[in-house]
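In what follows, a single structure is set out as structure tokens and then discussed.
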Amino acid sequence: MKKIIYSMLLCGLVFAGCKDITTEDPSKITYFVDFEILGDKTFLVEKGEAFVDPGVIAKEGDVDVTANVKVENNVNTNELGVYKVTYSAINVDGFPASASRTVVVYNPAVSVDISGAYTVSAGSHRLAITSGAQVAYSGYPVNIVKTAPGIFYVSDFFGGYYAVRAGYGSSYAMTGYISLNEDNTIDLLSSLVNGWGDSLDDLADATYDPATETVAWGAKYVASYSFNVILNK
């Protein structure tokens, strides 16, 4: 990938020229570092197993600059989770570039798949923790997507309360990842609402009922609210 930087200096005015017009065009091409990620971009690792990073090949134009790549790796294979390995480099003109690999640490003993298109069901409500006031809501869509055995992406822990009900849009959905345990309890792995740049405090009483294919949780947020969401297919 390249970026062209150019400047042109003209002597003269728009409507009144000058006798000697000189033009400089010191155009310059700068190449950003391109990364070729070796192996899978989403890498699955069983809990407790070692993760060996396959690495990248980095080029600046036709020049191999792999030796200059900085790697940030926070993968902990003793903890279930979704991690990022980030590769970054700066080219000769000082322009940064980066790429990343997702590493998912999972429990192979979990075979239940709770992925699917769900609807927020009656009984769901937002609870104001201090006052106890409740706002009931239902009918909004939530998608759960399988990433690895027992690891799932959730499209909105709020159950559409802000994104759909309040009309704020998709940036105000609380997205993230959960892990399903062998006893069908659910743990929060990560969460983020882009619109406000923060995350959940906790995910309480989160479970999956295989008999009814119901997922339920209490998503606690900013120490003030609990979004008690019931999901059915």
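The values are calculated or read from the model by the stated rules, or taken from the named source; none is laboratory data. As the structure is a prediction and not an experimental result, all values here were calculated from the model. Here Cβ is always computed from backbone atoms with ideal geometry, including for glycine, and neighbour counts include all displayed protein chains.
With respect to Gly94, determine if the residue is small (Gly, Ala, Ser) and not assigned by TED's automatic domain parsing to the domain that holds Val33. In short, no. A Cβ distance below 8 Å, combined with a sequence gap of six or more or placement on separate chains, defines the contacts here; from the stretch 173-194, residues that are in the same structural domain as Ile144 (by TED's automatic domain parsing) reach residues that are aromatic (Phe, Trp, Tyr) and assigned to a loop (DSSP other than H, G, I, E, B) in the pairs Ala173/Phe158; Met174/Phe157; Met174/Phe158; Thr175/Phe157; Gly176/Phe157; Ser191/Phe157; Val193/Phe158.
Within the stretch 74-85, being loosely packed, with under 14 Cβ neighbours inside 10 Å and under 21 Å from the mean Cα position of the chain (by Cα) holds for Asn74, Asn76, Glu79, Lys84. Here Tyr106 meets the list (1) under 30 Å from Asp34 (Cβ atoms); (2) surrounded by 18 or more Cβ atoms within 10 Å (Cβ to Cβ); (3) not aliphatic (A, V, I, L, M) almost entirely, failing just condition (1).
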